[in-house]
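Enquirer: Mind having a look at this structure? Questions to follow.
Values in this text are rule-based calculations from the coordinates and carry no lab data. Small disclaimer: the values here were computed from a predicted structure and weren't measured. Virtual Cβ from ideal backbone geometry, glycine too; neighbours counted across all protein chains shown.
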Amino acid sequence: MKGLKENALTCRHTGGTPCLGYDVDPTTKKLVINPYEAEAVKTIFKMYLENEGYTKIIEALNQKGYRTKRGAAFDKNSLYEILMNEKYTGTFIYNKSASKNANGKFNRHKSKDDSEIIRVEGRLPAIIGKEDFIAVQKKMEERKRRTAAFTAKQEYLLSGKIVCGECGSAFAGSSRRANPTHPIYISYRCTKKNGAIKCKNPEIQRDRLEGAVLRMLSECIFDETRLPGLLQDYNAYAAKKNTALNTEIDALKRQLGEIDKGIRNIVKVVEQTGSAALSERLVGLETEKASITAALDEAKLRLSDNTVSINGLRSAFRKAKKMLADGTLKNRAAIIERYVKKITVYKDKIVIEFNIAPSFTVKNEIMRGL
């Protein structure tokens, strides 16, 4: 470490691959400008100051055939490291990167305290002017604050509920600006829209879709005049389900009766003969009885879950409607989670499935134009 610090104070290269735009002079061990790579560095700083995003900068570099110092294509991380590198102003820097983490890796975005960093002004050939470098740092900080504020505000009430009716993929929240001066456009869009499949289903504005779902919940599903019709539909559904359940319960009861009869018969024989083999058979029947009894209890529980009263439904809907009227994000999210089962977005329509009671859903359809 002592030798490395002495090298640093004489501005000699301390090892490793030099940053893009520089080579190591084999005689002096100092950094010298690589003219070809230096043009790539200048392009990056110039375009960033002209408000171009990382994607546009990467496209421009690729078109000109530029590569990173290690011969790879540029990505956002490599651009970030270049834009943050003070060496390009002619300042020699040593001991800047934070120490390795628990996994033995460096975090190049994290620096040590200024008191530990060695800086020697004007000891390297400059590629970027000091003023341009400072302007870039300010712009990066502004973008970081703007991105953090923008990201923190976005909430998507319907996340995990929306399916693309065209390709079957999930819809996810999306937020972006057409350019830095445009307002943020917040929407739900198919996750395969920009993938290999290139789904053609248009995205849909978040507030319009969420507003339509909440309005339908409040005005259609939670409307008390609909309760008798909903209850009638549910009872018809439950009757079909209960028929199957009652058949299952009757079958389990018959099995249980047969096992009880077998157990009684074996007990009588064991009492008379003391047969070890029959004793083992008795243990097996007791285990089988316990398993069937558990299945019977579970079936009876499902049967009781299938019952719902008009008063119970009215009470649940009044509570839900009050929570919607309250308007808090937490309450609305809770209502969506409880009552919205699935939303399928097609090019021309939207189908919404609402959970009214356990395993019972109601479908509503609206045109895509909302």
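Enquirer: Considering only Cα-Cα distances, which of the following residue pairs are longer than 27 Å: 76/342; 56/198; 268/289; 319/363?
Expert: 76/342
Enquirer: While we're on this one: For segment 47-61, just list the computed ³J(HN,Hα) in residue order, Karplus coefficients 6.51, -1.76 and 1.60, θ = phi - 60°, integers in Hz, with x standing in for Gly and Pro.
Expert: 5, 5, 5, 8, 6, 7, x, 4, 4, 5, 5, 4, 4, 5, 5
Enquirer: To the nearest 20 debye, what is the magnitude of the charge dipole of segment 234-310 about its Cα centre, counting +1 on the Cβ of each Lys and Arg and -1 on the Cβ of each Asp and Glu?
Expert: Magnitude of the dipole: close to 240 debye.
Enquirer: Quick one: dipole size for segment 320-370, taken about the Cα centre, charges +1 on Lys/Arg Cβ and -1 on Asp/Glu Cβ, in debye to the nearest 20.
Expert: Dipole about the Cα centre, nearest 20: 40 debye.
Enquirer: Cut-off is 10 Å between beta-carbons; in what order do 22, 185 appear when sorted fewest neighbours first?
Expert: 185, 22
Enquirer: If you don't mind, another one. For each of 204, 44, count neighbouring Cβ atoms within 10 Å of the residue's Cβ, then give the residues from fewest to most.
Expert: Sorted ascending by nearby Cβ count, the order is 204, 44.
Enquirer: Among 206, 145, what is the fewest-to-most ranking by other Cβ atoms within 10 Å?
Expert: Fewest-to-most Cβ neighbours within 10 Å comes out as 145, 206.
Enquirer: Same structure, new question: Measuring from label point to label point, each 7 Å out along Cα→Cβ, what is the residue 145 to residue 207 span in nm?
Expert: 2.5
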